[in-house]
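This report concerns only the one structure given below.
The values are calculated or read from the model by the stated rules, or taken from the named source; none is laboratory data. The structure displayed is predicted, hence computed values, not measured ones. Protein only, heavy atoms only, side chains kept; ligands, DNA and RNA dropped before computing areas. Shrake-Rupley method; radii C 1.70, N 1.55, O 1.52, S 1.80 Å.
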Amino acid sequence: MQVYVLFNRMMAKNKETRNRNLVFHVPLVVPLTHRLRLMQTNESHISLEEVYEQSCAVRKIDPDKPLLAYREAMRQAKNGEQNMRARMEAYDNICESVVPEYILSRFIDRTITAPDQYWVFKKEFAAQIALSGFLSYIMNIGDRSLHKLSFSKKSGRVINSEFYPAYNQFCLIDCQESVPFRLTRNITTFLTPLMVDGIVASVLTAANSCLLRNQDVIRNYLCLFIRDDLLSWNSTKMSVPDDRGQRKLETHLRDKIRNNVGLIIKRLHMLMPSNQENKVARFHF
């Protein structure tokens, strides 16, 4: 939540993000532990999983049918999940017979009937999906399952749950997914190419430009966030008896924190190089 608040303050002071009214949804939160909290909900909030289950109920299909079909296809395939061709064939069959691409579109069509409200919702939803995907990418946060992504049926604001990075045995942020954000068929079908190539692309560019201009400030705050997260993550792996052990652990994690922050800043530059990097590239070439 602190990251959301920090980025909202920066985007409020940036021309491009302010003109687009870009803001992360920040619900009220009561922390219980570092990774366990009570979060404010609203009756207008609904997860993508609930949308999918409602569609399955209307079509009289078992919600677990895609998973069962995939497991059966992998069981019959040679080399199992190592067979990429078999995995693609299973995916195509599931898309054709079980999970159509119009589930989200039809749900929104039934929920919002007024054309003007529909346009405002669609535009805001596109911007929110872009912001969610942008933060997932730079923080390298994966496993964005259906139940972890919710949205407001009134405003189109997106709410992420269980939104924190995972670490490997070397205490480095690690995500094995090729695409660490969610932009699936149902989302792109609802948004249409106009929104994906227009709103989503422009929001990604504006948000990344804003953070690049404030990267020195972001680096300092990220050190604090990663430090707290790593300390909490390590406390689940080992017991810290006293303050002396806490300080020793912090000293041990200092380089890990610096490396993780460096990886996040690197992904910012990979998404859109800064002006100085462009000048250096033109100079060398």
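Straight-line reach from LYS153: taking Cα to Cα under 30 Å and skipping same-chain neighbours fewer than 8 places apart, the lysines in range are LYS13, LYS15, LYS60, LYS65, LYS122, LYS123. The accessible-area ordering, largest first, of the residues VAL29, VAL120, VAL261 stands as VAL120, VAL29, VAL261, per a 1.4 angstrom probe.
For the chain, the longest principal axis of the Cα atoms and the long axis of helix 243-271 meet at an angle of about 60 degrees.
Computed over region 28-120, the P(r) curve from all C-alpha pair distances, binned at 5 Å from the origin, holds 3, 10, 15, 14, 12, 12, 13, 12, 7, 2, 0 percent per bin. The portion of the accessible surface of region 4-66 made up by carbon and sulfur, rounded to a whole percent, is 53 (1.4 Å probe; DNA, RNA and ligands excluded). Scanning residues 5 or more positions from ALA166 or on other chains, those with amide H under 5 Å from its amide H are GLY142, ASP174, with H placed 1.01 Å from N in the peptide plane. One equal scatterer on each Cα of region 36-85, no solvent, Debye formula: the resulting log10 I(q)/I(0) at q = 0.22, 0.32 Å⁻¹ is -0.83, -1.12.
In the elastic network of the chain, a GNM with C-alpha springs shorter than 10 Å, the most mobile of TYR164, TYR118, TYR91 is TYR91. Carbon-plus-sulfur accessible fraction, region 113-177 (probe radius 1.4 Å, protein heavy atoms only): 54%.
Against the chain, whose longest principal axis is taken from its Cα atoms, helix 215-235 shows a tilt of about 80°.
How much area per residue is accessible in the chain when the probe is 1.4 Å and only protein heavy atoms are counted (Å²)?
Per residue, the chain has 61 Å² of solvent-accessible surface.
In the assembled protein chains, GLU89 presents an accessible area of approximately 90 Å² (probe radius 1.4 Å). From the coordinates of this entry, volume of the Cα convex hull per residue in Å³ is computed, and it appears in (1) 187; (2) 121; (3) 178 under the label (1). Rounded to the nearest 10 degrees, the angle from helix 115-139 to the longest Cα principal axis of the chain is 40 degrees. Hey, what's the Kirkwood Rh for region 146-272 if you take every pair of different alpha carbons, in angstrom? Evaluated on region 146-272, it is 17.4 Å.
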